[in-house]
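This report refers to the structure that appears directly beneath it.
The values are calculated or read from the model by the stated rules, or taken from the named source; none is laboratory data. All figures in this text were calculated on a predicted structure; none of them were measured in a lab. When we count neighbours, we look across all protein chains shown, and the Cβ atoms used for this are built from the backbone with ideal geometry, even at glycine. For accessibility, only protein heavy atoms count, side chains too; no ligands or nucleic acids. Shrake-Rupley method; radii C 1.70, N 1.55, O 1.52, S 1.80 Å.
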Amino acid sequence: MEKLVIAGKEFNSRLFLGTGKFKSNDLMEKAILASGSEMVTVAMKRIDLDDKEDDMLHHIVHPHIQLLPNTSGVRNAEEAVFAAQMAREAFGTNWLKLEIHPDPRYLLPDTVETLKATEQLVKLGFVVLPYCQADPVLCRQLEEAGAATVMPLGAPIGTNKGLQTREFIQIIIEQAGIPVVVDAGIGAPSQAAEAMELGASAVLVNTAIAVAGDPVRMAQAFKAAVEAGREAYEAGLGGVSSSFQASASSPLTAFLNS
Amino acid sequence: MIIKVNNKEMELSSQASLQQLAETLQMPDKGVAVAVNNQMIPRTKWSETILQENDQVVVIKAACGG
């Protein structure tokens, strides 16, 4: 499997993990380590000054893991820039998952504000990985604005509906000069493999692992699926026939006398 | 003077710096960021940042999220 390179940094794993919705921080850490992931998201919240015990950060800080702070909760570009500066200060990284989704019902990314924020954050020295609509025109604009990747959605966050945007993701991959990470909606290892077979550079998975019956085993399943899908892409998939007419894979020369 | 920290009112001596507030609150020395009136203040500037009456201080830390 080829290494993934984002903003000059190499990654051995093409599976990114979100840290939401796990039953405990211990379980989350075990799942992250089992997944082999080297890119893990982290959100921010206002500190509860009376609760010193609550510390998820040390569960995700490992030498092989790049922290990817997100801007979840912001409603526009201005708030995103503020959140980014807070994240850089708190976590000591300029990597950022830019997500601007003002509508809580579908959590769909705001295209106008996402593009605006990307332009500003790149100028401020951030490595910007924007969560975005599966819109090929937008993805080119984000690339021109200096985004390190684009992260189009497969389906709305947390829905586990898979690649509802499959055809558009194919166009995005075909056009992109930067890595394409399918973020949101991937609900099963088969769907992760499907994204990788299409040529996605990586997938970001959270809910499907966090709420699984056994998150650690599900993390391993996703790891295997992402590797299989990528291997298949690099090996070159055979074409799909346009009809149902068979094409023999064994010689039909009769060896039995009729 | 009265300031607000994460929307909670707090009494501080006048001319208190952000560094003094951090010490009063026993803020962790890693993994937090502080803003005063929506302006992020890097840790290196805490000592020279003097708080004013009615300042809105926000302190954030890591949380689980995708």
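Some values worked out for this structure:
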{"read-out": "Conditions (1) surrounded by 14 or more Cβ atoms within 10 Å (Cβ to Cβ); (2) within 15 Å of the chain's Cα centre (by Cα); (3) hydrophobic (A, V, I, L, M, F, W, C); number of the one not met by residue A:74", "value": "(2)"}
{"read-out": "Enumeration of residues in region B:14-66 that are away from chain A (no Cβ under 13 Å), more than 25 Å from residue A:58 (Cβ to Cβ) and either open to solvent by 80 Å² or more (accessible area, probe 1.4 Å) or not hydrophobic (A, V, I, L, M, F, W, C) (or both)", "value": "B:14, B:15, B:17, B:20, B:47, B:48, B:49, B:52, B:53, B:54, B:55"}
{"read-out": "Any hit, region A:198-217, residues being in a helix (DSSP H, G or I), open to solvent by less than 40 Å² (accessible area, probe 1.4 Å) and more than 14 Å from chain B (Cβ to nearest Cβ)", "value": "yes"}
{"read-out": "Answer from A:50, A:26 - the residue that is part of a helix (DSSP H, G or I) and either more than 22 Å from residue A:186 (Cβ to Cβ) or open to solvent by 30 Å² or more (accessible area, probe 1.4 Å) (or both)", "value": "A:26"}
{"read-out": "Of residues in region B:1-13 being crowded, with 16+ Cβ neighbours inside 10 Å and more than 13 Å from chain A (Cβ to nearest Cβ), the one nearest to the chain's Cα centre (by Cα)", "value": "B:3"}
{"read-out": "Any hit, region A:126-137, residues being assigned to a loop (DSSP other than H, G, I, E, B), in contact (Cβ under 8 Å) with a residue 24 or more places away in the chain and either crowded, with 21+ Cβ neighbours inside 10 Å or among the hydrophobic types (A, V, I, L, M, F, W, C) (or both)", "value": "yes"}
{"read-out": "Residue check, residue A:172 of a type in the set (Val, Ile, Thr) and in contact with a Pro (Cβ under 6 Å, 6 or more places away or on another chain)", "value": "yes"}
{"read-out": "Where residue A:165 falls short, out of the listed (1) open to solvent by 10 Å² or more (accessible area, probe 1.4 Å); (2) farther than 23 Å from residue A:5 by Cα; (3) out of contact with any strand residue (DSSP E or B) (no Cβ under 7 Å at 6 or more places or on another chain)", "value": "(3)"}
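Residues checked against (1) outside any loop (DSSP other than H, G, I, E, B); (2) under 17 Å from residue A:211 (Cβ atoms):
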{"site": "A:22", "(1), (2)": "no, yes"}
{"site": "A:30", "(1), (2)": "yes, yes"}
{"site": "A:42", "(1), (2)": "yes, no"}
{"site": "A:45", "(1), (2)": "yes, no"}
